[in-house]
Structures are given as C-alpha cells and as structure tokens.
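Chemist: Sharing a structure, written as structure tokens. Questions coming.
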Amino acid sequence: MKEDVLFYSSNITHIIPEGAALFITFRLYNSVPAFLVKEYEAEYRKAANLIKALHRSRQEIARIRLRALKISFLEKYEALLDEEVYGECWLKDPCIAELLKSKLHQLDGEMYRLLCYCIMSNHVHLVIDLSGGLSYADPLHTQQARKSMASYPKIMQFIKGSTARQINEYLGRSGSFWQRDSYERYIRSERHLFYVINYTLKNPVKAGICASWEKFPHNYLAPELREWFLSMPQKYPGKDPRPW
C-alpha cells in the first residue's frame, strides 16, 4: 500500500499476494464522515511531504518516520470509531451482530479459513486465511497449503452485499449500509499473525467495553488456535503491539 494512502481512502490499490492471510477492517457507512476523512488525509499528506523534504537524502530515516506517521493516523481513525462520535451504531443490535456472524461462518471453509473476528458497534475486524494452510497463518499445520481459496474483492462483496440487504430489510431502511472501502493488510509472519489477532480480540477492552476479551459476546477465535494464541505472549513478550 502506498505511504500516502490513508485508512478508508477511495483510491486504495489493493496489493495482496495469492494465498495470503489478511487482517481486514470494514465499517458502517458514515461512521467517519467524508469531510473528516478529507481533513485527516490533508493533515497526513502535509506531514508526510514535510518528512520527505527533510530526509530527501536519508531514505531509511524517511521510511521509518513515514511508517510511524501512518500508524499514528490509523490509531486516530480507530479511536474515532471506538468513541462512536458519528453515524449509527447498528452493530450494537444483537440481532444484526448475529446475522453478520452467520455470514462470516457460512463462508468459512468455502471462501476462506476464518481465524478471528471482533464485531464492534460501527466497525468489524476480521482475520482470514486464503491459503488453506500457510505455516504462519496455520501454526498448528492442520491443513495442507494450496492456492488461494477466493479473491479478496469477491469475499468482501459476498460479506457486505448480502448482509447489507438483510440488515436494511430488518431495519426497514434503504441505502448504503457499509462504507465501500475497507482497510486490509496481509500477514507476513507468525509474529504478525499474533499481533493482529491480539489487537482484534482486545478492541473492546481498549474501548472500555469489557475487562477481558473473552467476555465480549461478539469476539471469535478459531478453537484450534486458542492454545497457540495463549502461548504467544511468552514467545513475543512486551507491550501489546499494533497490527499495522
């Protein structure tokens, strides 16, 4: 993903290796209004251009500072979503959350391997494996590696398209339900897999909704990954890392 592209930009170019495992975030329509997205993006680009100008001859320093800048803005977006400042929070409705869960599990084994998810009030974190068994996406080696199970755009179309229709019918409304664009990042290692699952499950804890990720009713971790996940803090100790 380009360094000057932010969270939910309509100009994102999705570059995803075949058979990757993915960390995905998608949100409700207008949970971050367009004017604020433009404001954040302008602020980000101004800061990024300054870093590039200051470190034109020191590319590695520029890369590190740009990475830190991008992380700070991604965290800014996440905080805004967790604060529930804008838009509706329809995913708080248990019936809507269950409808979405049903779709995520329905596609498990058909379009992807479902590793983890967290359904918040206005956004969703999702971790899936498209490989059928890459070593870092399948630490227990329960499946044999194979080519990609389904394409990322097709998966998001299936998830968003069908659930939007069903939820709009349930709410008695029409129009956009999900924001068109999503954020995704492909997982590069076992350590990265742990980071994204840890971040996903602990979102409601970070938002102050519950004291333990296991108490949140809309969290899911694939049962075969539980023992592996609980052992990872010993292998990768320290402060809770970010997934980006």
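The values are calculated or read from the model by the stated rules, or taken from the named source; none is laboratory data. The shown structure was predicted, so the numbers you read here are calculated from the model rather than taken from an experiment. Here the Cβ is made from the backbone with ideal geometry for all residues, glycine too, and neighbour counts use every protein chain on show.
Chemist: Any idea which residue in the stretch 51-95 is modelled with the highest pLDDT, counting only those that are in a loop (DSSP other than H, G, I, E, B) and in contact with a Ser or Thr (Cβ under 7 Å, 6 or more places away or on another chain)?
Modeler: C89
Chemist: Name every residue in the stretch 104-137 that is surrounded by fewer than 15 Cβ atoms within 10 Å (Cβ to Cβ) and modelled with pLDDT of 95 or more, in order of residue number.
Modeler: Matches in the stretch 104-137: H105, Q106.
Chemist: Among the residues that make up the stretch 58-79, is at least one of them closer than 25 Å to Y170 by Cα and under 20 Å from the mean Cα position of the chain (by Cα)? Break it down stepwise before answering.
Modeler: Start the filter on the stretch 58-79 by keeping residues that are closer than 25 Å to Y170 by Cα, which leaves none.
No, the stretch 58-79 contains no residue that is closer than 25 Å to Y170 by Cα and under 20 Å from the mean Cα position of the chain (by Cα).
Chemist: May I ask you to say which residue of A164, A145, A150 is out of contact with any helix residue (DSSP H, G or I) (no Cβ under 6 Å at 6 or more places or on another chain), of a type in the set (A, V, I, L, M, F, W, C) and modelled with pLDDT of 95 or more?
Modeler: After applying the criteria, what remains is A164.
Chemist: Would you please name the residue that is surrounded by the most Cβ atoms within 10 Å (Cβ to Cβ), looking only at residues in the stretch 194-221 that are β-branched (V, I, T) and over 12 Å from the mean Cα position of the chain (by Cα)?
Modeler: Only one residue fits best here, namely V205.
Chemist: I've got another one for you. Can you confirm whether the stretch 195-203 contains a residue that is over 26 Å from F73 (Cα atoms) and either in contact with a Cys (Cβ under 9 Å, 6 or more places away or on another chain) or without any contact (Cβ under 8 Å) to a residue 60 or more places away in the chain (or both)?
Modeler: no
Chemist: Check the stretch 82-90 and report whether any residue there is closer than 19 Å to Y220 by Cα and of a type in the set (A, V, I, L, M).
Modeler: The answer is no; no qualifying residue exists.
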